[in-house]
């Protein structure tokens, strides 16, 4: 049995710069503010663990005007604690320290401490992604924008070998979006590609079923959040009647009573974003409940830098996923960290012959 350890916690603030105008249902993003969390034994910098707190505007419960002050206060409390160096104990201690309403901070402390626990090598958990270099299949994301911009992305993703495409819709005329899906299906070898749609609540409850029937012509795998959150009765009716399986995304954020959400809607899939749901423990609980109820799921990153993406990829890998996951490529930003995360032919891989750039 190891004795409890006193840690020094600190953070580095970084503004990430997008390579393009990242269009979402909540507007266009040009920059992204994140906080890298650093932990080491007091007075000893030989072994350092890293995490990432990255609250997302319009989605994260902890996207607050005083987020940095809240983070400083919690890290000060963490500095005063004695930490048991055992995986499950560390996760439970973080849960006790950080309120459920601060999911980005929970996730950052979990991953920083687990990184330290496993030697400060960016290894978060026992997993085949890091340990054996086994790749994870991912979807190629098509961002909102003009029809021309979306078409350009589609062609690029097809050229890069993605067998699963996920298209965000709601930015342009619906008929133009249907034309884009028709274009994909007309491409050589793309007729059997998996197509996912992310509506981000763009449809009204009255028009949703009709639009889903039009989309189904193109053999859609699933649609994320077709109507806005909070309309559980309407969403349940869609989950029953829709010709396309319904996936919940934003509907899960900030929900403590997981069974109530799933029993009320009975979706076919869940989209799990650890940094928005409350980290590793909360995500595991969603998965356990989903699998008990026969609901499918996949993991998705939420525009994190390489630090956060690495942690989410390793958590995903512990479940040996077969479905393509919604993990980022790390190429969104001009000033992301250089890392061993490589995306090729629709898969993300941890390349051990590459080295990490240490946050500065």
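Values for this structure:
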item	result
The chain - share of DSSP beta bridges that are antiparallel (%, nearest 5)	55 percent
Ranked packing of 34-44, 58-68, most packed first, by mean Cβ within 10 Å	34-44, 58-68
The range 54-179 - Rg (one decimal) and Dmax (whole number), Cα, Å	20.3, 59
Nearest-ten-degree value, helix 87-97 long axis tilted from longest Cα axis of the chain	90 degrees
Ranked 30, 221, criterion: other C-beta atoms within 10 Å, fewest first	30, 221
Among 285, 304, 52: highest mean-square fluctuation, GNM of the chain, C-alpha pairs under 10 Å	285
Descending semi-axes in whole angstrom, ellipsoid equivalent of the range 98-139, from the Cα gyration tensor	23, 16, 6
Order by protection proxy (mean Cβ within 10 Å, highest first), peptides 248-254, 120-126	248-254, 120-126
Nearest 10 degrees, 0 to 90: helix 280-293 Cα axis against the chain principal axis	40 degrees
Per residue, the convex hull volume that the Cα atoms of the chain enclose (Å³)	133 Å³
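Values quoted throughout were computed directly from the atomic coordinates according to the rules given, and no laboratory measurement underlies them. Predicted model only: the values in this text are computed from it and were never measured. Because the Cβ atoms are built from the backbone with ideal geometry, glycine has one as well, and the counts that use them run over all protein chains shown.
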